[in-house]
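The values are calculated or read from the model by the stated rules, or taken from the named source; none is laboratory data. These numbers come from a predicted model, not from an experiment. With ideal geometry, Cβ positions are generated from the backbone for all residues, glycine too; neighbour counts draw on all protein chains shown.
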Amino acid sequence: MTEPSTAAANAPLLPAYYTDTAVLAAEQRRIFARTWQLAGHETDLPGPGSRIVARAGDQEVVVVRDEEGALHAHRNVCRHRGARLVTGPEQHAAIRCPYHGWTYCLDGRLVGAPEGRRFSAPLHLPSLGLLPARVEVWHGLVFVNLHLQAAPLADQLLGLDALIGRYLGELVPVGAARIHHAADSPGRVVATDANWKVAVDNYLEGYHVPVAHPGLMRLLDYPRYSAEVSPGYAYFEAPLRATRSANRMERLYQRLVSPMPGLLPEDRGVWRYVAVYPNTMIDLSADCVGAWSMIPDGVDRTLLPGAVYRHPDAGWRTRLAQAAGRRVNDLVTHEDDDIVTRVQAGLRTPGFTPGPLSEREAALGWFAGRIRTDLGRT
Ligand code: FES
Ligand SMILES: [Fe+2]
């Protein structure tokens, strides 16, 4: 792909970034294999021996909780002949391969193989442990990284604690959707027919809200929608209007929403969004939190695994507000799906190059710059 060397650092990405399979292959190596990827929530790993399998781009990682409560991450491959070890949530004292029964401790050490004497040379257990990955927890959200020397996640999220940490206290999932379904049940995961960066771009700007989301426009105080970019994440505030919506479901939400314990009174009147580079999204409203990820499933298809969480003591009023909020959000998701599919189709037009970005799209420029840097195309 050729790009004018004079292109500003924050210029939008050229169409080939969204349509070229060679770019996706480079992204797998240079972005998904080196950045922190959302794997699940601590509630997915309730006790010793519990495990989930998660996606890091096109690779899988097993996250397991040991007897002391610590988490470990391993590549999901047996060191004997390469069988996929874990296919979904389980809880056992060890990790046993379903093919020939090689058995690993929760920390990944190989402890034994059936008929271990019948190998041409004695098995050298210490060199046959599971291939490691990194795992870190940030306020209950579990992230993995295939790059063993990656900088700590906390470094990337510096400053985010003060902005949203109070939302991420004691939380339990609502409904059946789980982040780890991207790996163990991809058929249950919402997907969209667009490149993963088209989906991220769409998340990174509120410029489309007045035209594409009439319902949101009734709820949000659009002129006060704001975006702030840090090296590792983008943070958005969408204050809610004080006036009642004309729509019944939206009015119900406005009337019933109340802040979770630990939130500030002003949190009731604002929705906040965070995009953690490259592909983790966190949606924060007074009554619940959504965490989700955008995972390429081909150059023009994206899996959107995620889950919604609320405080365990939420009463009926809050649950009703959440149900109303979900109805509003479902419509927004549907509208966004329509938009990003249109963009993906349009990007294939020969001769098209993107127009200038509005100030309201500044976070897209930040994202484009990071993508170009990571792909070594600055
Ligand atoms: S492939 Fe796992 S024990 Fe053989
Ligand atoms: Fe949208």
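Among the residues of segment 314-348, write down those that are part of a loop (DSSP other than H, G, I, E, B) and free of Cβ contacts under 8 Å to residues at least 60 places away in the same chain. Across segment 314-348, the qualifying residues are ALA314, GLY315.
Here is a yes/no grid of residues against (1) touching a strand residue (DSSP E or B) at 6+ places or on another chain (Cβ under 7 Å); (2) surrounded by fewer than 16 Cβ atoms within 10 Å (Cβ to Cβ); (3) assigned by TED's automatic domain parsing to the domain that holds VAL308:
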position	(1), (2), (3)
LEU216	no, no, yes
ALA227	yes, no, yes
ALA242	no, yes, yes
ALA246	no, yes, yes
LEU256	no, no, yes
TRP271	yes, no, yes
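Residues of segment 148-177 that are touching a Lys or Arg at 6+ places or on another chain (Cβ under 9 Å) and surrounded by 15 or more Cβ atoms within 10 Å (Cβ to Cβ): ALA150, LEU153, LEU163, ILE164, TYR167, LEU171, PRO173, VAL174, ALA177. Among the numbered conditions (1) part of a strand (DSSP E or B); (2) modelled with pLDDT under 95, the only one that GLU60 does not meet is (2). All of (1) buried (at least 20 other Cβ atoms within 10 Å of the Cβ); (2) in a loop (DSSP other than H, G, I, E, B) hold for HIS74 with one exception: (2).
Would you check if HIS80 is touching a residue at least 60 places away in the same chain (Cβ under 8 Å) and either surrounded by 14 or more Cβ atoms within 10 Å (Cβ to Cβ) or touching a Cys at 6+ places or on another chain (Cβ under 8 Å) (or both)?
Details: touching a residue at least 60 places away in the same chain (Cβ under 8 Å): no; either surrounded by 14 or more Cβ atoms within 10 Å (Cβ to Cβ) or touching a Cys at 6+ places or on another chain (Cβ under 8 Å) (or both): yes.
When the stated conditions are applied, HIS80 does not pass them.
Among the residues examined, ARG272 does not qualify as of a type outside the set (Gly, Ala, Ser), outside any strand (DSSP E or B) and either within 16 Å of ligand 2 (Cβ to nearest atom) or over 26 Å from PRO186 (Cβ atoms) (or both).
Counting residues that are in contact (Cβ under 8 Å) with a residue 60 or more places away in the chain and within 16 Å of ligand 2 (Cβ to nearest atom), which helices (runs of 4 or more DSSP H) fully inside segment 103-221 reach at least 3? Outline the logic, then answer.
Details: elements: 153-156, 160-164, 181-184, 196-203, 209-212, 214-219.
Filter on segment 103-221 gives 196-203, 214-219.
In segment 180-188, is there at least one residue being away from ligand 1 (no atom under 16 Å from the Cβ), touching a His at 6+ places or on another chain (Cβ under 7 Å) and not basic (Lys, Arg)?
no
Being of a type in the set (D, E, K, R) and at pLDDT 95 or above is the filter here, so list the residues in segment 237-266 that pass it. If the condition is that a residue be of a type in the set (D, E, K, R) and at pLDDT 95 or above, then GLU237 is the only one that fits. Within segment 91-102, restricting attention to residues that are assigned to a loop (DSSP other than H, G, I, E, B) and near ligand 1 (Cβ under 10 Å from one of its atoms), the residue that is surrounded by the most Cβ atoms within 10 Å (Cβ to Cβ) is TRP102.
If you check ALA94 against the conditions, is it over 21 Å from THR43 (Cα atoms) and without any contact (Cβ under 8 Å) to a residue 60 or more places away in the chain?
no
Contact map, segment 46-60: first residue farther than 24 Å from THR35 by Cα, second residue small (Gly, Ala, Ser), Cβ cut-off under 9 Å, separation 6 or more or different chains; pairs are GLY47/GLY69; PRO48/GLY69; PRO48/ALA93; GLY49/ALA93; GLY49/ALA94.
Screening segment 26-46 for residues that are aliphatic (A, V, I, L, M) and part of a helix (DSSP H, G or I) and picking the one that is nearest to VAL276 (Cα to Cα) gives ILE31. Can you name the residue in segment 291-302 that is in a strand (DSSP E or B) and more than 10 Å from the chain's Cα centre (by Cα) and is also surrounded by the fewest Cβ atoms within 10 Å (Cβ to Cβ) among such residues? The extreme case among them is PRO296.
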